[in-house]
Amino acid sequence: QVQLVESGGGLVQAGGSLRLSCAASGPTISIWNMGWFRQAPGREREFVAAITRVPANTDYADSVKGRYTISRDNAKNTVYLQMNSLKPEDTAGYYCAADRALVIRTGSSRYDYWGQGTQVTVSS
């Protein structure tokens with residue numbers, strides 16, 4: 001079983017940057033595809049970004065493409081989400097998740113393990 005713990009959230013002004021981390025314990029994350037999702041109050045959880053095992057292919061939601069970068073360090077059992085040019089509409093709880101599938105999947109119900117989330121608030 002994989003345990004995931006997110007960190008790095010906080011309050012930032014519009015245009016600023018944050019880097020989220022997702023530290024995994026248990027089996028190495030090298031065997032999992034990893035994803036980031038976000039959920040704002042009153043809204044459904046939505047796909048943000050995902051990264052496959054080696055080779056590390058990536059996919060992004062259109063709303064974050066060009067601003068966010070997902071990466072992984074299998075040696076540290078950690079996945080990152082670099083968020084630049086943040087906008088107030090990026091405000092949400094951000095969650096990382098692990099998926100045993102061989103291809104990137106964007107549906108949250110497909111993912112097997114989840115972290116507890118970290119809050120990102122972007123002020124205008």
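No value in this document is a laboratory result; all are computed from the given coordinates. From a predicted model like this one, the values you see are computed outputs, not experimental measurements. A quick note on method: Cβ atoms are made from the backbone with ideal geometry, for glycine too, and the neighbour counts reach across all protein chains shown.
I need the trypsin sites (Lys or Arg not before Pro) found in region 1-52, filtered to DSSP loop residues with at most 10 other beta carbons within 10 Å of theirs. Can you show the working numbers first?
Values: sites: ARG19, ARG38, ARG43, ARG45; in loops: ARG43, ARG45.
The qualifying sites are ARG43.
Considering Cα pairs under 8 angstrom that are at least six residues apart, work out the relative contact order of the chain and quote it in whole percent. Before the final figure, lay out each step's value.
On the way: 314 pairs, mean separation 45.2, N = 124.
That works out to 36 percent.
Past the 16 angstrom mark, what percentage of all C-alpha to C-alpha distances in region 58-124 do you count? Don't jump to the answer; show the numbers that get you there.
Values: 1253 of 2211 pairs.
When every Cα pair of region 58-124 is considered, 57 percent fall beyond 16 Å.
Please list, by residue number, every one of the GluC sites (Glu not before Pro) in region 24-124 that is coil in DSSP and has at most 15 other beta-carbon atoms within 10 Å.
Working: sites: GLU44, GLU46, GLU89; in loops: GLU44.
Filter output for region 24-124: GLU44.
Rank ALA101, PHE47, TYR60 by how far each Cα sits towards the positive end of the charge dipole of region 10-124 (+1 on Lys, Arg Cβ; -1 on Asp, Glu Cβ) and give me just the farthest.
About the Cα centre, the residue reaching furthest to the positive side is ALA101.
Count the net charge of all other residues whose Cβ sits under 14 Å from the Cβ of THR121, scoring Lys and Arg as +1 and Asp and Glu as -1. Each step should come with its number before you reach the end.
Details: positive: ARG38, LYS87; negative: GLU89, ASP90.
That works out to 0.
Find out how many positive minus negative residues lie around THR52, taking Lys and Arg as positive, Asp and Glu as negative, among other residues whose Cβ is under 12 Å from that of THR52. Walk me through the numbers on the way to the answer.
Details: positive: ARG53, ARG72, ARG100, ARG105; negative: ASP59, ASP99.
Surrounding charge for THR52 is +2.
Report the normalised scattering of the chain as log10 I(q)/I(0) at q = 0.09, 0.17, 0.19 Å⁻¹, calculated by the Debye formula with identical scatterers on the alpha carbons.
Scattering profile of the chain, log10 relative to I(0): -0.21, -0.77, -0.97.
Residue-wise, which Karplus ³J(HN,Hα) couplings in Hz belong to region 98-104, taking 6.51 cos²θ - 1.76 cosθ + 1.60, θ = phi - 60°, and x for glycine or proline?
10, 10, 8, 5, 8, 10, 5
Charges only on Cβ, +1 for Lys and Arg, -1 for Asp and Glu: so what's the dipole of the chain about the Cα centre, in debye to the nearest 20? Write out the running numbers ahead of the final one.
Values: 13 positive and 10 negative charges, 30 e Å.
My answer is approximately 140 debye.
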